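> One structure, as structure tokens, below. Some questions next.
Values in this text are rule-based calculations from the coordinates and carry no lab data. Because the structure is a prediction, the values reported are computed rather than measured. Using ideal geometry, Cβ is built from the backbone for each residue, glycine included, and neighbour counts are taken over all protein chains shown.
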Amino acid sequence: MIEFKKVTKIYSDQTYAARDLSLLIRPGEFVSIVGQSGTGKTTLAKMVIAEEHPTRGQVVVGGWDITNIKPADVPVLRRQVGVVFQDFKLLPKKTVYENIKFALEVCGVEQRKIDAIVPQVLKVVGLEEKRDKFPHQLSGGQQQRVAIGRALVHRPKVLLADEPTGSLDTINATEIIELLLKINTLGTTVMLVTHNKEIVDRLRRRVVAIDDGVIISDQQSGKYNL
Amino acid sequence: MLVTIIRTSHFAFQHFWRNLWISAITIFILTLTLFIVSLVGSLNLLAGQAIKAVEDKVDIDLYFKQGTDEADILKAKVYVESLPEVSKVRYISRDEALESFTATHTDDPDIQAALAELDSNPLPASLSVQANELNQYQAIITQFESSEYDTLVEDKNFSDHQAVIDRLSGLTKRIYQGGLIISFIFVFISVVMMYNTIRVAIYSHREELGIMKLVGATDWFIRAPFIIESVLYALLSSILAMSILSVIAFSAAPYVNAFFTGYDFSLDLFFVTNFWIIALGQFLISLILAVGSSMLSIGRYLKV
Ligand SMILES: Nc1ncnc2c1ncn2[C@@H]1O[C@H](COP(=O)(O)OP(=O)(O)O)[C@@H](O)[C@H]1O
Ligand SMILES: [Mg+2]
């Protein structure tokens with residue numbers, strides 16, 4: 001589903017964020033990418049949504065080589081890859097419902113479809129009761145669930161979560177991870193970037209550890225051991 | 001497609017309201033610019049009309065000797081008309097000359113009394129000759145003097161308004177140059193203003209814009225609200241400028257028309273007949289200014 005082929009990423013200031021890195025994530029997998037801060041995890045995520053481009057090598061998403069993707073095709077790619085971040089990136093003046101709706105509106109989706117999709121998504125993330133609340137009226141975990149809901153509106157093949165639990169307490173973090181697992185069982189490939197040892201250890205899923213732009217371990221049913 | 005137009009317009013209106021102060025100032029500056037450009041245009045038009053009015057007054061009068069046959073005068077008329085430099089020849093018979101003389105001096109009792117005492121008409125018949133171009137009068141006179149008809153003529157009168165025309169042309173040119181400079185300054189100010197207004201709009205919507213990019217909105221959808229916003233500015237400012245211009249045109253009309261009495265020019269009529277052309281011109285100018293500068297701003301600050 002996602003394939004990095006000998007990817008090297010050098011930022012303009014000569015920082016290496018990936019060094020000849022190869023990684024294959026199969027459809028339906030739930031993969032955790034772990035590693036210390038500044039090792040290149042976010043850069044990998046950014047290359048998947050074509051926010052950054054590899055300096056050398058190739059990136060393939062869903063069989064589509066996006067290494068030299070045309071700017072006009074980037075929106076097409078982004079509707080196939082949902083993303084969530086540590087900061088939830090919600091619009092503070094919009095309600096839960098409106099925040100999710102926004103993602104469909106700006107993609108030119110018809111009102112009729114929006115009215116059908118948003119309630120479904122709210123159900124998946126368990127926020128039907130909170131639909132008219134504003135972000136500041138929600139807990140961090142609930143806000144992150146709104147963001148996940150928004151990432152799901154286009155029924156993406158891949159959900160990319162970059163430190164989604166980074167600013168949450170253990171209980172909320174656990175809830176979010178359970179939600180990601182549920183989404184994974186519904187058929188979406190999940191790429192989770194995280195620091196949280198506890199979570200990774202409990203997941204018993206594939207773990208890829210990165211250090212200084214290089215994969216240092218890749219284990220099925222792995223543990224967080226750096 | 002329709003959905004996109006409605007939604008992007010909706011966003012454009014939101015931008016407009018959220019930064020209402022900046023929107024208002026932008027419209028004010030655009031309106032001022034349009035107004036100044038139109039004012040310079042109007043002054044030019046009026047000066048042009050004034051020159052034309054004076055040019056119309058320039059002519060050569062050929063006064064025929066008393067007792068010249070009307071048939072000979074008409075032959076002379078045909079000859080003058082055949083000269084390539086001549087645009088118009090008018091024959092004024094002795095009776096007509098007397099009539100208009102009496103009419104123009106109707107308020108002067110001395111002249112009226114003097115005319116009443118004469119039993120015969122003292123005024124000569126004449127031809128009034130107009131050239132195509134101002135500088136052709138001398139050539140017409142020279143040619144006429146070498147013709148057989150010159151002997152019929154007692155007196156020639158070339159009413160030269162060249163000095164007035166030169167002064168007017170000089171004035172027009174100065175108005176034009178000054179106006180051009182002022183217009184350029186205001187055009188520059190409104191471009192800078194517009195550029196910054198869109199920049200502020202982009203800045204104040206950076207969160208939304210970031211999310212739009214992440215969830216897969218197209219470049220067009222992201223940019224369109226800002227373009228529509230600038231079209232809105234263009235529309236509102238040209239309506240405002242046109243309203244101000246209407247008020248001024250109609251209140252100045254009596255004075256301007258009084259100045260052009262006797263000539264075929266009326267400011268209010270001119271304004272009414274050309275209303276839509278002027279309005280469209282204003283809208284186009286502001287559209288180019290507003291959309292052009294917002295495109296520059298979008299290109300610079302809205303990375304998609
Ligand atoms: N836009 C950028 N320009 C230059 N260097 C960058 C940029 N983004 C990230 N880096 C550098 O690349 C390295 C990897 O960063 P990142 O992918 O964010 O790591 P992580 O997500 O693992 O913390 C770091 O050294 C970081 O400073
Ligand atoms: Mg990171």
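> Looking only at A:Thr185, A:Thr43, A:Thr15, which one moves most when chain A is put into a Gaussian network model with springs between Cα atoms under 10 Å?
A:Thr15
> What relative contact order, as a whole-number percentage, does chain B give when Cα pairs under 8 Å and 6 or more residues apart are counted?
Contact order relative to length: 31 percent.
> Work out how far the C-alpha atoms of chain B reach from end to end along every principal axis, then list the three figures in whole Å, largest first.
Here the spans come out as 100, 42, 35 Å, largest first.
> Just A:Pro27, A:Pro54, A:Pro92 to compare: in a GNM of chain A, with alpha carbon springs under 10 Å, which one fluctuates most?
Checking each option, the largest mean-square fluctuation is seen for A:Pro92.
> Given the rule -39500 (n - 2.57) for each run of at least 4 DSSP H residues, summed and divided by the residues of the protein assembly as shown, what is its mean residue ellipticity at 222 nm, to the nearest 500 deg cm²/dmol?
Computed mean residue ellipticity for the protein assembly as shown: -19000 deg cm²/dmol.
> Need one number: nm distance between label points at A:Ile10 and B:Phe259, each 7 Å from Cα along Cα→Cβ, rounded to one decimal.
If labels sit at A:Ile10 and B:Phe259, their model points lie 7.2 nm apart.
> Cβ under 14 Å from A:Pro54's Cβ, A:Pro54 left aside: what net charge do those residues give with Lys, Arg +1 and Asp, Glu -1?
Computed value for this residue: +1.
> Quick one: 3J(HN,Hα) in Hz for segment B:283-296, Karplus 6.51/-1.76/1.60 with θ = phi - 60°, rounded, Gly and Pro as x.
Running phi through 6.51 cos²θ - 1.76 cosθ + 1.60 with θ = phi - 60° gives 4, 4, 4, 5, 5, 4, 4, 5, 5, x, 6, 6, 4, 4 Hz.
> Let me ask something additional. How large is the dipole of the protein assembly as shown about the Cα centre if only Lys and Arg carry +1 and Asp and Glu carry -1, each at its Cβ, rounded to the nearest 20 debye?
Computed about the Cα centre, the dipole is about 5780 debye.
> Using Cα atoms only, what is the angle between the long axis of helix A:96-105 and the major principal axis of chain A, expressed in degrees (0 to 90) to the nearest 10?
Helix A:96-105 sits roughly 70 degrees off the main axis of chain A.
> With axes computed from alpha carbons, what is the tilt in degrees of helix B:2-18 against the longest principal axis of chain B, rounded to the nearest 10 within 0 to 90?
Taking Cα atoms only, the helix is inclined about 90 degrees.
> Right, here's the next one. Given B:Ile285, B:Ser87, B:Ser204, which one lies farthest toward the positive end of the charge dipole of the protein assembly as shown, if we put +1 on the Cβ of every Lys and Arg and -1 on the Cβ of every Asp and Glu?
B:Ser204
> Between B:Val3 and A:Ile171, what FRET efficiency follows from the Cβ-Cβ distance if R0 is 45 Å, with the result rounded to 0.05?
That gives a FRET efficiency of 0.65.
> Still on this structure: Once you charge only the Cβ atoms, +1 for Lys and Arg and -1 for Asp and Glu, what is the size of the charge dipole of chain A about its Cα centre, to the nearest 20 debye?
Dipole of chain A, to the nearest 20 debye: 460 debye.
> Could you give each residue of segment A:123-138 its phi-based ³J(HN,Hα) in whole Hz, using Karplus coefficients 6.51, -1.76, 1.60 with θ = phi - 60°, and x for Gly or Pro?
Working through the residues one at a time gives 5, 4, 8, x, 10, 4, 6, 9, 4, 9, 8, 8, x, 5, 8, 10 Hz.
> Under a Cβ-Cβ cut-off of 15 Å, what is the net charge of the residues other than A:Gly126 that fall near it, where Lys and Arg count +1 and Asp and Glu count -1?
Taking every Cβ under 15 Å from that of A:Gly126, the sum is +3.
> Taking 60 Å as R0, compute the FRET efficiency from the Cβ-Cβ separation of B:Leu98 and B:Leu280 and round it to 0.05.
Working from the Cβ atoms, E equals 0.70.
> Compute the length gained on full extension between B:His10 and B:Asp268: take 0.36 nm times their separation in residues and subtract their Cα-Cα distance, giving the result in nm to one decimal.
Length gained between B:His10 and B:Asp268: 89.0 nm.
> Follow-up question, since we're still on this one. From Cα pairs below 8 angstrom and at least 6 apart in sequence, can you work out the relative contact order of chain A, rounded to a whole percent?
For chain A, the relative contact order is 28 percent.
> Taking the DSSP beta bridges in the protein assembly as shown as the whole, what percent of them are antiparallel, to the nearest 5?
65
> Using amide H atoms built in the peptide plane, which far-off residues or other-chain residues are under 5 Å from A:Arg205 H to H?
Under 5 Å from the amide H of A:Arg205 lie the amide H atoms of A:Ser221, A:Gly222, each far enough along the sequence or on another chain.
> On to the next question. Sort A:152-162, B:277-287, B:146-156 by packing, meaning the average of other beta carbons within 10 Å per residue, with the highest value first.
So the peptides A:152-162, B:277-287, B:146-156, ranked by packing, come out A:152-162, B:277-287, B:146-156.
> Also, quick follow-up: Ranked by Cβ crowding within 10 angstrom, fewest neighbours first, how are A:Ile100, A:Ile176 ordered?
Fewest to most other Cβ atoms nearby, the residues stand as A:Ile176, A:Ile100.
> When only C-alpha pairs under 8 Å and at least 6 residues apart count, what is the relative contact order of segment B:58-160, in percent?
This gives 53 percent for segment B:58-160.
> Follow-up. Under 17 Å from the Cα of A:Lys5, which lysines turn up, not counting those fewer than eight places away in the same chain?
A:Lys41, A:Lys46
> Let me ask you something else. At what distance in nm do the modelled label points of B:Thr106 and B:Ser128 sit from each other, each positioned 7 Å from its Cα along Cα→Cβ?
1.7
> So, in nm, how far is label A:Arg19 from label A:His136 when the simple model puts each one 7 Å beyond its Cα toward the Cβ?
Going from the A:Arg19 label point to the A:His136 one covers 4.7 nm.
> Please state the shape class of segment B:164-272: rounded when a/c is under 1.5, otherwise prolate if a/b exceeds b/c and oblate if not, all from the C-alpha gyration tensor.
Verdict is prolate for segment B:164-272.
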